[in-house]
Structure formats: C-alpha cells, structure tokens
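Trainee: Provided herewith is a single structure, encoded as structure tokens, for subsequent inquiry.
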Amino acid sequence: MSNSKKAPPTPLALPGVGLVASPETLIPTEAEVSFRSSFISHPEPMLVYDLKTLRCLEVNDAALDHYGYSRNEFLGMRITDIRLLEVPHLLEDVARSRAGVQHSGEWKHLLKDGRLIDVEVVSCELAWGTCKAQMIVVRDVTKQKQAEQALKQAERKYRLIFEEAIVGMYQSTPDGRLLSVNPAMARMFGLDSPEELIACSRDIYSQLFVDPTRREEFKRLLQERGVVRHFELQLHRKDGNKIWVWTNAHAVREGNTIVRYEGTFEDITDRKLLEDQLYQSQQKYRDIVENAVIGIFQSTPEGRYTSVNPAMAKMLGYDSPQDLVASITDITRQVYVDSKSREEFNRIARDQGVATNFECQAYRKDGSKVWVCANVRAISEAGVVVRYEGMNEDVTQRKLLEDELRQAQKMEAVGQLASGIAHDFNNALSVVIGYSDLLRMRLPGGDLAQKYVEQIATAGHRASALTRQLLAFSRKQVIQPVVLDLNATTDEFEKMMRRLIAENIEITFKRSPDLGRVRMDPGQVEQILMNLAVNARDAMPQGGSLCIETANVELDETYARQNVNVPPGSYIMLSVSDTGCGMDRETQLHIFEPFFTTKEPGKGTGLGLSTVYGIVKQNAGHIRAYSVPGEGTTFSLYLPRLGEAAKLSEPPQALETIPLGTETVLIVEDEESLRMLARICLEGNGYSVLDAPNAATALDLAKKHGGPIHLLLTDVVMPGMSGRELAECLTAQREVKVLYMSGYNNDLIDDHGILHHNTELLEKPFTLRSLLTKVSRVLHTGQSGKAAAS
C-alpha cells in the first residue's frame, strides 16, 4: 500500500561522496560533507538507488546493521534484491518517482539471513551526480505488525473462550446489576440468552441467592479481600428449582473504589448429590474402616488429622482415634521424624495426585519411632488440594531387614576416609623406603648403622602393607586383573598354608573339576586366602578343621532379593570354613568394619576381614558369613564367572637383572622429597634426568630441552593440570613413552576419566628396585604415551 503527493518541481541535488562524477571534477562543499555525515549516522536505515538501473548508490550504517550486508555488498546490489517479492509494485513506484511524485508505504524487505520483515518506507526523488535517484528512509514495523496480529488473535481467542465456556462467566456492579454474562451463565439459570438474564436480573444477590447468610458472606469477602475462591452456595433457577454452584470472583477497583465484580459460576449440583451418596456409602462401610488392621486416615494439607481409625491410633500409640486427632495439631512436627519427608510427600501428592508406597519414619506418642508405608491420594478442588486420605501400614519389621544395606553404606563411607589417609601415607612411605634403600647401599656391610637402616626399612614396609590393606578395604588399591583359574591359584596357596597353619588343624581342599574362570588380580586372591586362613587358625587355638572349597553356582532372583546389590547370574564360589569358636549375631554385624577385632590388644589390626570385603566388592562380588557360636564359621565369596571363551592369562615375564639406563627421563611430581628420590635413583642407574614440580614447568622444561626425552614419569593427580593432560600435551609435541605414578587403583582412575585401564602404572609406595624395573620395562617394551593415554 502507498500514499502519494506532489513533490517539489525541482529534485533535491545531493552531490558528494557517492556521486557518479569523478573526484577530480567535483570538490565536496562543507554543506555536502555535513549532509553525508548526517546521512551516514542517521539512526534509521536509509538507501539511495538509481531510478534507471535500480542499483544502490549509497547506504548508511544503520541499513548495514539492519539488513546484515556489508557496504560493498549493498553497492553491488539492485533495490529489487531486498524487495524481491514485490518487484511489480516497486516498478510502479519507480514510474511515479520519474513523474515527480514522492510517496510512502508499507512493504516487505528481505534481510541477508533470509528473513522477511515488514517496513514502512518514506521516499523522495533527488539528483545524485548525473543520475536521477531515489532516497528511501526505512522503519522496521515487523514487531508492531506482529503485536497487532497477536492482539487481534487474543481478542478473538478470549471472546471465543467467553462465548463457548461451559462454566458461567459474568460481570456485575457492586449493587448486583449484571453488566455482561456468557451463554453458559444464561443456560445455568434456565434462560435462553444472556440478554434475557441481564434484562430480568436487577439484583442478583437478592433474586438468585437461596440462603441470605451465604449472600452476605459472599459480599463481605469480596469487600474485605477482593477475591472469593471455591465459594459454594445455592441459587434459584427461572423454573423455581435450586442448583448448587461453585463460584470464584474478584473485585475490580479503580483507585480505592470497587467498580465491578467479575467471576464464574460452576454448576456442582450433581457433585453435591454424589457427595450425599458418598456420605451414605461412608456410613455403610464405617464398620470396615473401624475394624481394619491397617491405619486409615484423612488429613488437611496444613497438617491436622480430621479422622483416623482405631488401627491408626494404635500404630502411633494413642488410646483412641479421638485422642490422636485432638493431640496432633501439626503432623510435620509431631509425627514426621524428618520434616523433609513431609515436604517430599506434599510435593508428590500435589503434583501426581497420589503418593504410593511412600515410606517415612514416624513418632509414636511415647517418643519411639516406627516405619510406615503410606498410600495416599490428594483430594483437590479447582486444582487446590483440600485434604489427604489414605492408609498407613507399619513396616518397621521389614525395615529392620535392611540393616545389611545400611551397614554396606556405612562401610563405603569409612572406605572413602581410609583411602584418603592411605593416599597421603603412600607419598611419605615412598620417601622413607626409598631413602633407607639408598642409605643401606652406601653403608659398609658390617656397619652398625646397617641394622638401624634395616629397622627403618622394615617399619616402612609394614606401614606400606597397612596402607595396602586400607586401600584394599576401600577398593582403591592398584590392581592388575587377569583371567584366573581359582583351582590353580588355591593349589599354589596350599603349599604356603602348610607352613602357616599349625599341625593340629586338618586342612582339606574341595575343588570343582569343571570350575569356570574369574577376572582378578592374583595378589588379591592371595590376600583373601591369607586373611581368611589366619582368621580361621586363630578361631581354633585347640585345633580343628579348615576347608577351602571352589564351585560353580547360580544365584537366582530369590537370592538376589534377599541380599542387597547382588544381581542374579553365574558365579564362582570360594569358601573358607572352620570348626572354631564361631560368632554371635552382634559380632557378625561388625566383622567387616575396619579396625574391629575380637582379639586381644596387639594380636590383630582389625583389617583382615575388611580387606577381604573390599577386595570382593572391588571385583563386583558378594561375601556372606555363616556362623554359629561354638560350631564354627564359613565365609562364602561369590565372584562373577566369565564365559566359556575366557582364556587364562599368561604370567608376566619378570626382568631378572636391571640394565643400566642411557635414556633421558622427565620426572613430574609435586611432592619434592619423592621427586628428588626418584631423580637420585634414576641418575644412579645411568639415566639423564629432568624434573619438574608441576605440569606447566614440565612443558616449559621440555620445550627448552634440545635433546630427546624418552620417558615421562609423572604423578596422576596434581594441582592444576593432571598427569594425563600433561602426557597428551607432551606426546603431541614429541615421541615419548609414559609411566604414571599413583597409589589409587585403576578403577578409580577410570571413573575419573584420567587413565585408560591398560596404562603403565607404578604403584606408590615403591622401592628403588621396583622403580628401576618399571622404568626399564616401559622403555623397552611399553607403549608410547599417545597409545596409553585415554
């Protein structure tokens, strides 16, 4: 669309930058420069185009920003490129411009990103150098158009809602005169049209309300609160019948004066009839509720019981239902042991309308606690919960059976603490053991100090064994799992046991001939058998029988349901049984806890069984203890059985001698004393050593080092950049093999995304020999860092 009017007879001449004439023949005046500056910086998009060729001659900065084109793109375009969809109308405009007419109108322009926008354009003809040109000023009215369209749609939408609503809707004056009603409102009162209802209703409060007291209450609430929600009342129909309605209304004010009321009426006559029928039904089935063996109740969302049955009162320790209802004024505080459980219950009931099998702990009248399982529904009116009703079942006995799960969770938490302590000890012990080795090598053989050093080394190794037990319990020791045949492993252990167990104890082995395979670290199997065998020996001071047995077993769904976190499936059972003193129930509840022991002080650390427990859990297994005081104990371990295709792993080939090194090793370790120890040890064996306290320093050192770096020896977890990130950066720059140091297990490392499970790892604390052996093995047989790092 466009509006036109006669233009001045002489077109406006705008010479300057953008003129067709050459710069040699035209020198811009001060006025021309000022015009161009105003044109370029004008806040609304402006364009100038040749009326003959339709090519863009000039464009201001606002147009560049708005349309998304660069200045060079614009000057290479025709005006039809942005009015692509309206070329015929554009040509008409051009024709009118040639006739000396200026005009304005609304069009659609195309942006560079392909979007079409609505614009309002004002244009006028001007002389541009030797050309006749058209200058247009553009105002984007897209949002205005969208808002106008949205307003029209909203008006149609809400008019349709008003006309087609199934609930009565109205507006009235404060004195009761109807201003507008919808058809549903007229039908509700038995009239044919809204106009008829408006015409015959002079005062709806006196004409329609059956109960004058409800009428006055309704008006009072509107006056005082300005809103009425879910207000039930009875109204007269035209035919003399009465209906029950549910109304929501609010007062509309102008300043402090109420000018009208707006609201809805919903016919709930049928619901009221159903409520009467429900009441009769409740009376009929009252005996069932009163004599039920589970608790039945109704309560308000605010936290008061409105009714309970005798079973509910008995469950919570009250003498009668009346006693409970009168005593409990705040369910959250007086009944719920954990107030957050009440909040969770309210949320579920409100959002889902029901709360099924909701378990929580409740206080009894005497202060004791019971576990209850609730099945409750929320009764809502107009989307608002008005009451709860449901059943509570006492499940205290069932919850007691879950002690095993809670015990496992507690041990997991203790394990986390143990692993943290062990990790700190590993660095310190590596220094103690390493420097004692260095000192021992430098002392003469007969020197008295040799004995002192040996005692230091022995204490260090004992402490190292203790940390390994802590890490085994917490499932964070470094392991190298392989495919094993437990029959062969127990056969090797049998030779050692004969020296460990007293002669007055009879030892027997029962090995299944077709035993399946498991994946475990062989050293862990030895730890398990050693700890259980020693435990059995100590339980039989007067002698007895010790039996170690292996077998293929299937744990079914029933067993899995009776034992926490045990998936059904195929397992290998490894059991150790004795005929010793046995354990009572209380002792069995604590046997896997670290530092728990029934032995005399100095006779045990209390870490044996906790170590076994940690190893089994680390290998996705399950352990059960069966014991009767005076009759003995059996520990049964269930480890996941591998498939038929699993092949036994070849034993690793140990290096008999450690050759002298000639390579260059870069050590990265934030613990200075440990870093210096590794440097001394490697340099003493012929290696060239570079060392750094962190990854950033190491990368800088490697960059400055002119020669090759054959091996990166780095701690896994360091402040700032991790060992893996360092390896990735370094191997991207040069060919270098990688050996990581850590006291944490590969499972933990994988969980944190630090290392691949095949990565070479030196376990802390380490001896000088283990350090040299591992370095030599990686340099001669290991993979490069690019292959090892994940």
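The values are calculated or read from the model by the stated rules, or taken from the named source; none is laboratory data. These figures come from a predicted structure and were not determined experimentally. No Cβ is skipped: glycine too gets one built from the backbone with ideal geometry, and neighbour counts run over all protein chains shown. Side chains are part of the model used for accessible areas, which takes the heavy atoms of the whole protein and leaves out ligands, DNA and RNA. Shrake-Rupley method; radii C 1.70, N 1.55, O 1.52, S 1.80 Å.
Trainee: Pick from region 169-198 the residues that are part of a helix (DSSP H, G or I) and among the acidic types (Asp, Glu): which of them is surrounded by the most Cβ atoms within 10 Å (Cβ to Cβ)?
Mentor: Restricting to residues being part of a helix (DSSP H, G or I) and among the acidic types (Asp, Glu), the top hit is Glu196.
Trainee: State all residues of region 201-211 that are touching a residue at least 24 places away in the same chain (Cβ under 8 Å) and not basic (Lys, Arg); if no residue qualifies, say none. Show your work before the answer.
Mentor: Of the residues in region 201-211, the ones touching a residue at least 24 places away in the same chain (Cβ under 8 Å) are 201-210.
Within region 201-211, Ser201, Asp203, Ile204, Tyr205, Ser206, Gln207, Leu208, Phe209, Val210 qualify.
Trainee: Related question: Return a yes/no flag: does region 773-780 have any residue that is among the hydrophobic types (A, V, I, L, M, F, W, C) and modelled with pLDDT under 85.
Mentor: No - not one qualifying residue is present in region 773-780.
Trainee: Condition check: at pLDDT 90 or above and either under 26 Å from Gly383 (Cα atoms) or in a helix (DSSP H, G or I) (or both). Does Ala326 satisfy that?
Mentor: Taking the combined requirement at face value, the residue satisfies it.
Trainee: For Glu728, are the conditions met, namely being among the charged types (D, E, K, R), part of a helix (DSSP H, G or I) and either modelled with pLDDT under 90 or farther than 19 Å from Tyr435 by Cα (or both)?
Mentor: For Glu728, the condition - among the charged types (D, E, K, R), part of a helix (DSSP H, G or I) and either modelled with pLDDT under 90 or farther than 19 Å from Tyr435 by Cα (or both) - is met.
Trainee: Please pick out the residue among Gly114, Gly76, Gly129, Gly100 that is within 27 Å of Ser37 (Cβ to Cβ) and either at pLDDT 85 or above or touching a Lys or Arg at 6+ places or on another chain (Cβ under 9 Å) (or both).
Mentor: Values: Gly114 fails: within 27 Å of Ser37 (Cβ to Cβ); Gly129 fails: either at pLDDT 85 or above or touching a Lys or Arg at 6+ places or on another chain (Cβ under 9 Å) (or both); Gly100 fails: within 27 Å of Ser37 (Cβ to Cβ).
Matching residue, one of Gly114, Gly76, Gly129, Gly100: Gly76.
Trainee: To continue, here is another question. Suppose we filter Gln234, Gln277, Gln283 for residues that are open to solvent by less than 90 Å² (accessible area, probe 1.4 Å) and either free of Cβ contacts under 8 Å to residues at least 24 places away in the same chain or in a loop (DSSP other than H, G, I, E, B) (or both); which single one remains?
Mentor: Gln283
Trainee: Checking the structure you have, find out if any residue of region 237-252 is modelled with pLDDT of 85 or more, farther than 30 Å from Ala186 by Cβ and among the aliphatic types (A, V, I, L, M).
Mentor: no
Trainee: Which residues, counting only those in region 336-369, are assigned to a helix (DSSP H, G or I) and not acidic (Asp, Glu)?
Mentor: If the condition is that a residue be assigned to a helix (DSSP H, G or I) and not acidic (Asp, Glu), then Ser339, Lys340, Ser341, Arg342, Phe345, Asn346, Arg347, Ile348, Ala349, Arg350, Gln352 are the ones that fit.
Trainee: Would you please name the residue that is nearest to His622 (Cα to Cα), looking only at residues in region 473-488 that are out of contact with any strand residue (DSSP E or B) (no Cβ under 7 Å at 6 or more places or on another chain) and modelled with pLDDT of 85 or more?
Mentor: Asp485
Trainee: Spot the failing condition for Arg641; the list is (1) at pLDDT below 90; (2) surrounded by 15 or more Cβ atoms within 10 Å (Cβ to Cβ); (3) charged (D, E, K, R), and only one is missed.
Mentor: So the condition that Arg641 fails would be (1).
Trainee: When the residues of region 199-212 are narrowed to those that are under 58 Å from the mean Cα position of the chain (by Cα) and open to solvent by 50 Å² or more (accessible area, probe 1.4 Å), which ends up nearest to Arg260 (Cα to Cα)?
Mentor: Pro212
Trainee: Scan region 614-627 residue by residue and report those that are open to solvent by less than 70 Å² (accessible area, probe 1.4 Å) and not small (Gly, Ala, Ser).
Mentor: Correct list: Ile615, Val616, Lys617, Gln618, Asn619, His622, Ile623, Arg624.
Trainee: Among the numbered criteria (1) over 17 Å from Glu125 (Cα atoms); (2) at pLDDT below 65; (3) not in a loop (DSSP other than H, G, I, E, B), which single criterion is violated by Ser4?
Mentor: So Ser4 meets the others, but not (1).
Trainee: Across region 128-156, what is the number of residues that are within 20 Å of Glu58 (Cβ to Cβ) and open to solvent by less than 30 Å² (accessible area, probe 1.4 Å)?
Mentor: Qualifying residue count, region 128-156: 7.
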